[in-house]
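To keep things clear, I will list the structure first and then write my remarks on it.
The values are calculated or read from the model by the stated rules, or taken from the named source; none is laboratory data. Fair warning: this is a prediction, and the values are worked out from it, not measured in the lab. Positions of Cβ are backbone-derived with ideal geometry, glycine not excepted, and every protein chain shown enters the neighbour counts. For accessibility, only protein heavy atoms count, side chains too; no ligands or nucleic acids. Shrake-Rupley method; radii C 1.70, N 1.55, O 1.52, S 1.80 Å.
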Amino acid sequence: MDKLLNKINSPADLKGLTTDELIILCREIREFLIDSVSETGGHLASNLGIVELTVALHTVFNVPEDKIIFDVGHQSYVHKILTGRKELFHTLRQFGGLSGFPKSSESDCDAFNTGHSSTSISAALGIARGRDLDGGGYNVISVFGDGALTGGMMYEAMNDAGHSKTPLILILNDNAMSISKNVGAVSKHLRKLRSLPLYFRSKQVVEGILNVIPFIGKPLVRLIQHIKRFFRRLVIPTTLFDDLGFHYMGPVDGHNIKSLLTCLEYARDEKRPVLIHVQTKKGKGYMPAENNPQKFHGISSFDKTTGNTKPSEETYSARFGSVMLRLAENNKKITAITGAMPNGTGLDEFQKRFKNRFFDVGIAEQHGVTLAAGLAKAGYIPVIPLYSSFLQRAYDQTLHDVCLQNLHVVFPIDRAGIVGADGETHQGIYDISYLSHMPNMTILSPATLDQLETMLDFAVNRFDAPIAIRYPRGSAQADGISAGFAPGKAQLVSEGSDVTIIASGRMVKRAQEVARIAGRSVEIIALPTIKPLDEAAIIASAIKTKNVITIEDNVKTGGIGSMVATLLKEKRIECKFRIFAFPDTPVTHGSTDELDKLYGLDAASIASEI
């Protein structure tokens with residue numbers, strides 16, 4: 001029997017399906033997702049949980065005329081399948097293939113590019129206001145998870161939208177998780193809304209009345225709606241969303257197609273700010289993902305029968321986590337802060353062993369950094385590991401609250417450099433540029449796991465100012481590099497007379513690869529300390545070889561190459577000079593090796609230039 005999914009090539013193909021057919025379609029989509037993502041890797045659990053909601057959205061609304069904006073965006077796989085990209089799904093997150101996030105250049109059904117949390121309501125409100133200025137009548141829908149509600153930007157946007165009365169539909173996809181389990185007062189508020197059986201019964205009674213009266217006048221409809229709201233307010237005097245100016249609907253079973261269609265059709269016709277609270281289960285329909293949604297949030301290829309992945313080498317994230325345990329055992333002043341990612345950054349064991357010194361702030365990097373500043377003022381040593389692309393969200397707090405006050409906050413920067421398949425919104429290739437100009441900031445960059453361990457010990461126990469340690473995703477290490485380092489000093493990895501290669505972190509290994517195939521006498525200078533630069537070592541080598549190149553896992557503008565170029569010019573050192581870095585254009589998704597080659601940062605390309 002031919003699968004129903006094979007007949008779905010656009011959202012228009014959903015319009016004539018019965019409820020029973022839509023239920024069958026959802027089951028087939030789940031099977032398709034598991035088959036495909038087990039081969040390519042990707043964000044599986046969140047997409048399994050949003051199948052019915054996405055199908056209902058495309059049944060009720062007309063994309064691309066109506067605009068659906070997915071917060072974060074990693075839960076847009078079902079949307080992509082339904083909007084003509086099913087046949088390309090085997091290329092998901094592969095170089096040259098489909099992005100793992102919404103991308104308007106990929107399809108006009110992707111209304112807005114998203115990759116970071118808590119942004120969708122602001123974007124949706126902007127589009128809605130543009131629609132109103134143009135006199136348009138299309139719908140604008142923001143779909144976001146409960147984890148996004150820990151980000152302050154959401155409340156700025158809801159406050160604005162609720163006050164303005166701009167017609168807008170918000171859909172809260174509540175699965176009680178972001179990547180890790182959600183925390184905080186908002187999470188407690190949602191739990192309260194989920195657990196009110198009296199409200200549910202009153203809601204069902206009123207819906208029953210509406211269902212048995214086929215034709216009814218508008219005055220009576222309004223009366224019944226008032227009765228419904230009256231019953232709700234007996235149980236819940238008000239909800240947070242009511243107070244912000246939204247007509248609150250829910251909670252609704254996010255896996256019941258019929259209920260979802262009813263709510264979405266009602267919201268479509270309301271012409272005012274509406275928030276639909278939808279309850280879903282992350283990993284729905286695939287037991288390994290239901291049992292371990294953190295593992296299947298973002299996962300590499302796996303055995304779909306067992307859910308097992310291939311064993312991997314020790315990563316920088318894992319080494320960071322193990323070192324933090326040892327340091328915290330010996331220093332009671334060490335505290336750790338995470339932005340809803342204890343597992344992703346290696347702090348899950350720290351969370352268990354040092355509960356009183358562990359703070360999960362949710363997806364709220366700005367708050368997390370200023371919280372760290374406050375802890376430092378109070379005499380503690382806050383360590384706040386963040387992915388490079390997430391730390392950039394707290395640029396002002398890092399500069400204003402930490403650096404200008406010269407406070408001892410430790411910033412382990414995970415996923416620094418190319419992250420690969422997650423693509424342009426997650427590439428960590430800007431942190432050297434946005435941190436290097438901050439006063440009092442020191443930047444370290446280990447070339448090996450052992451060097452990370454030494455640097456973290458130094459940053460926590462033997463330093464007293466803002467300090468960042470940037471390290472890559474995975475386990476790439478240079479050869480023969482000492483675990484020790486002298487703060488502020490370069491390391492002479494190999495001596496040479498023809499050309500100087502200056503590199504840091506992951507690119508020290510690349511410099512060694514270049515030296516082996518370049519056919520020249522290469523001097524390699526590693527920079528375990530990026531800021532401040534070891535000016536004397538760089539100048540001496542430049543005078544010696546008269547040919548200098550820099551290799552870095554950062555954009556060219558404002559990076560190591562820019563810093564070295566400025567130094568050589570200021571000191572009037574005459575030499576040939578070349579920067580190998582990423583361009584300040586969006587860097588696409590693909591493997592690290594593929595992207596290095598694309599942008600001329602592979603060993604062969606650099607060696608040919610030498």
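Below are the figures for this structure:
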| item | result |
| --- | --- |
| Modelled FRET efficiency - R0 35 Å, residue 292 with residue 356, Cβ distances, 0.05 increments | 0.85 |
| Three-way shape call for the range 504-551 based on the alpha-carbon gyration tensor, with the a/c threshold at 1.5 | oblate |
| Potential lengthening between residue 437 and residue 546 on full extension [0.36 nm per residue; Cα-Cα distance subtracted] | 36.5 nm |
| DSSP-defined beta bridges in the chain - what % are antiparallel, rounded to 5 | 15 percent |
| The range 469-528 pair-distance distribution - Cα-Cα, 10 Å bins, rounded % | 23, 55, 20, 2 |
| Calculated on alpha-carbon atoms, Rg and Dmax of the range 251-311 in Å | 16.7, 52 |
| Descending Cα extents along the principal axes, the chain, whole Å | 91, 57, 51 |
| Helical mean residue ellipticity (222 nm; -39500 (n - 2.57) per DSSP H run of 4+; nearest 500) of the chain | -11500 deg cm²/dmol |
| Rounded percent of accessible protein surface that carbon and sulfur make up, the range 275-340, 1.4 Å probe | 48 percent |
| Net length gained if the chain between residue 65 and residue 498 were fully extended (0.36 nm per residue, minus Cα distance) | 149.8 nm |
| Alpha-carbon centroid distance for the pair the range 383-399 / the range 521-562, whole angstrom | 25 Å |
| Debye-sum result for the range 269-368 in log10 I(q)/I(0), which assumes one identical scatterer on each alpha carbon, at q = 0.16, 0.20, 0.21, 0.23 Å⁻¹ | -0.88, -1.09, -1.13, -1.20 |
| Check: the range 240-321 dipole with +1 on Lys, Arg Cβ and -1 on Asp, Glu Cβ, in debye | 220 debye |
| Taking the C-alpha atoms of the range 519-585, convex hull volume expressed per residue in Å³ | 97 Å³ |
| Three-way shape call for the range 316-441 based on the alpha-carbon gyration tensor, with the a/c threshold at 1.5 | oblate |
| Candidate residues 523, 609, 87, 594: accessible-area rank, largest first, probe 1.4 Å | 87, 609, 594, 523 |
| Cα-based shape type of the range 1-126, given that a ≥ b ≥ c are square roots of the gyration tensor eigenvalues and the cut on a/c is 1.5 | oblate |
| Whole-number accessible area per residue in Å² for the range 498-610, which is evaluated in the context of all protein chains at 1.4 Å | 42 Å² |
| Span per principal axis, largest first, for the Cα atoms of the range 466-610 (Å) | 39, 38, 31 |
